[in-house]
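Below: one structure, written as structure tokens.
Please treat every number below as a calculation from the coordinates, not as lab data. No experiment lies behind these values; they were computed from the predicted model shown. Ideal geometry is used to build each Cβ from the backbone, glycine not excepted, and the neighbour counts take in all protein chains shown.
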Amino acid sequence: MSSLGHQLTTSVLVVGSGASGLRAAIEVAEAGVAVVVVTQRAREDAPASAAWDHAEWAPAPARPGDTGERHLADTSRQSRLPAASPSERIAPRAAAQPIEGVEPRGRRPDRTDSMSTTRLTGPDLHRALRVRVRQLAIPVLPHVYVTRLLVDNGTVFGAYGFGLVDGSRYLVHADAVILATGGHTRIWRHTSSRRHENTGGSLRLAAEAGARLRDPDLVQFHPFGLIEPDHAAGMPLSDSARHAGGVLLNNLGERFMTRYDPERMELSAQETVARASYTEIQEGRGSRSGGVWLDLSHLPGDTVLARLPHLHRTLLELQMLDITRDPVEVVPTACISLGGIWIEAEDHSTDVDGLFAVGEAVGSPHRPEEDSLSELFTHGRITGRAAVEYSATLTGPRHSPAATRAAEADVLRLVAAEGDHNARALQRAVRRLITDHAGVVRDEAGLVAGLTALDEIEARTADIGVHIDIGGFSDLAHAYDLRSAVLAARATLQCARERLGPQGCHHRSDRPGAAPALPDAMVWSATTGVRRTPLWPAPTGITEPWRDASDDAGPAV
């Protein structure tokens, strides 16, 4: 590994270059405070999840009469959780505040005229944020893998990592660190995340630094993920397909949603549709590839082409499949991490002084799709502002040579590893384990078996081999991704065991009773394991709409 390194000092370090991370960095820079962004991606790379292609953002409520309370009730209908934290209550108001250089434009062709025409898609918003980052001359360091946060006596003072191309080391000293590195959906076999992202790195970095995690067992499963080709496996198809009249069929040709929600059928809640598909597959009525069929062939071809042009073009390119004539195989796919790093809701601070987190890295109730980008946008602003205020309270830099040496020694130890096990093969084993034992439907026996199997995999991680070659240091990154996946998987399995009944997208087949009126959060740490903690108290007017929303889920599978 190269002895040449990079040492930087800044007031705020942002780890991750997704929308929430860039929005936080912009807030810091606009306050006149020094900020640096480090990211594993290329400088101009797009967001991590294919779900972004279908998400939209508008700077103000799209429907007349929208209020903060109505927004929270809508959120609750999607998540089956009370969205009652202080930061969630201010999100609808703060989202309407514009930033220079980010203006909505255009509208998606598969949206109805009754919806707002001033909307940005996810990629549009990300491009606009990158433009603003360049205008503010914010340094963005690409292809940098952060291996450890540097902590001294419960206070963060920077991060350590290496370059993915040449292996050179990066030591960044900072007053405050913002983690914006995504969630952990890649620990499931079918996922919308790209191959080397959302492996749980944010959860591991925070937990190893001394922070707690909240609800890591909760993940949103999109019912329509592609099975093939391999490079696109897990990519979610737009919900517009079912709203256009698409139907789900099993291998008997049955429209099986008649068994699970005969009133709304495929238009039932996402988690209900995902559980129905999972049940059909588990009971032997799925396809040979392990999925079910989404069929639009009964609709007039002109209708499909007019309402779903992007979907039609995408499947022609990926599978040479014409959805006007043939069904497409789909499978429930892990799409969004609902659990993540525990934060103080008002400012996104964690248990570690100076450490903040934002975006999918944070444990938070799920937004309705049309609000998801607004959420990232708003919380990025809140987090950036909080980091600025924290940095202003410090009287001088903080360093710990011992912590830095430990981070360096950890990297060097892995570089020299010559064991018999392959990190990528063990990652695949973790994904199979989590899919089998903590998938759409779970039970006690499966979760216990999953923990036992995870112990065996973790034991093998002590004997991995890391091979550096002309392709760069990707194998070293895989070794750290494996460590992240094991920690995220353990937290997921342990919290799933402790959750008493159905809650949002979490479904226990052996505990089918109704969820409590205001369920507890599961808080996990590497030292204490799982602890129950009450959610924030629900504001007036939200508890009842949330309870009413539980009826929208349809019957349990």
Applying the gyration tensor rule to the Cα atoms of segment 192-234 (axes a ≥ b ≥ c; rounded if a/c under 1.5, else prolate if a/b exceeds b/c, else oblate), the class is oblate
Equivalent-ellipsoid semi-axes (√(5λ), Cα gyration tensor) for segment 403-513, whole Å, largest first? 33, 14, 11
Highest mean packing first, using Cβ neighbours within 10 angstrom, the peptides 473-481, 421-429 sort as 473-481, 421-429
I need the phi-derived Karplus couplings for segment 194-203: 6.51 cos²θ - 1.76 cosθ + 1.60, θ = phi - 60°, integer Hz, Gly and Pro marked x. 6, 4, 10, 10, 6, 8, x, x, 4, 5
Estimated FRET transfer efficiency when R0 is 51 angstrom, pair THR528-ASP322 (beta carbons, to 0.05): 0.40
Expressed as a rounded percentage, what relative contact order does segment 222-335 have, with Cα pairs under 8 Å and six or more residues apart? 37
In whole Hz, what ³J(HN,Hα) sequence does segment 162-169 give by Karplus (6.51, -1.76, 1.60; θ = phi - 60°), x for Gly and Pro? 9, x, 5, 8, 10, x, 4, 8
Per q in 0.11, 0.16, 0.21 1/Å, what log10 I(q)/I(0) does a Debye calculation on the alpha-carbon atoms of segment 222-335 return? -0.30, -0.66, -1.18
Give me, ordered by chain and number, the residues 5 or more places off PHE224 or on other chains with an amide H under 5 Å from its own placed amide H. LEU237, THR333
